[in-house]
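These notes concern the structure reproduced below.
The values are calculated or read from the model by the stated rules, or taken from the named source; none is laboratory data. Computed from a prediction, not measured in an experiment: that's the story for all the values here. Don't worry about glycine lacking a Cβ; one is built from the backbone with ideal geometry, like all the others, and counts go over all protein chains shown.
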């Protein structure tokens, strides 16, 4: 779908109407796009704004999405935008970000634009589908392998790496738990803590009993060619030969644009919602990775977007819903 530009409307009632929407969706990943489709089919006037900086931009193919297994993430987004073009009540703007979102008597006001805000739109409801911002472990040249032979989601990519010599690189407290999960797909797994004291001696013994090695030395560099990992070189001079693996990034929700709006968060910084996607702020909803920890798969996010869309429609007309 071609990028939609902001319409030039002369001042007056027509201009005000052009800037008013029923639902503003912030984020154009699978959660936001799925919500836009379902809201559009319910005759809701929707504006979806997408900064077009997806977290999975480095990923060549995505997996686990029924009928789309192996599709590149950017292709999935393109197909979704093409489908949305059939709904005149759904407007999509790409490479546009929300600079600030404020609460009003009628709902919300959002200042939007490319680099700087150039327009203010009003909306009754807002769906946050912004996903998460990730910080990778501090390993030299890691990004040269990320998305090609090193991944963050075992459910998404472990099948392609099954039975191979794998790494798990991370500095978080849940590293041992992730190692147990990845061990489903391989009998040759090495955990690299990159010098961080994140795996306890008890956990290390439990992993060793399961055939999982733990390397605690800092990583000097990753060895390989054209994105294909071949080894991890350590500060003590050692080198572990590998065929690929996983990293454990740190994730956080970027909610800096919420101006004076403070929805409750959990201890990890995710938005707290009820099972229907409602946050603690009336009219503010969330779907996808920003809303709750869990499987970070495209199909899960898309399902969450569809579910929250149905809830928004029911809430708008005051009809009780089982969602």
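Results, tabulated for the structure shown:
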item: Residue within the stretch 242-249 that is over 30 Å from residue 27 (Cα atoms), assigned to a loop (DSSP other than H, G, I, E, B) and modelled with pLDDT of 95 or more present; result: yes
item: Positions within the stretch 106-145 being buried (at least 20 other Cβ atoms within 10 Å of the Cβ) and closer than 15 Å to residue 170 by Cβ, in sequence order; result: 139, 145
item: Qualifying residue in the stretch 243-260 (condition: over 28 Å from the mean Cα position of the chain (by Cα), within 24 Å of residue 144 (Cβ to Cβ) and surrounded by fewer than 18 Cβ atoms within 10 Å (Cβ to Cβ)); result: no
item: Failed item, numbered, when residue 130 is tested on (1) part of a loop (DSSP other than H, G, I, E, B); (2) more than 20 Å from the chain's Cα centre (by Cα); result: (2)
item: Condition met for residue 302 (under 21 Å from the mean Cα position of the chain (by Cα), at pLDDT below 90, within 20 Å of residue 25 (Cα to Cα) and not in a loop (DSSP other than H, G, I, E, B)); result: yes
item: Residue that is assigned to a loop (DSSP other than H, G, I, E, B), over 19 Å from residue 151 (Cβ atoms), over 26 Å from the mean Cα position of the chain (by Cα) and without any contact (Cβ under 8 Å) to a residue 40 or more places away in the chain, where the choices are 237, 195; result: 237
item: Among the candidates 216, 233, 248, residue that is more than 24 Å from residue 156 (Cβ to Cβ) and in contact with a strand residue (DSSP E or B) (Cβ under 6 Å, 6 or more places away or on another chain); result: 233
item: Single residue of 78, 55, 97, 93 found to be within 14 Å of residue 297 (Cα to Cα) and either under 15 Å from the mean Cα position of the chain (by Cα) or at pLDDT 75 or above (or both); result: 55
item: Unique residue being outside the structural domain of residue 233 (by TED's automatic domain parsing) and in contact (Cβ under 8 Å) with a residue 40 or more places away in the chain when the list is 175, 101, 166; result: 101
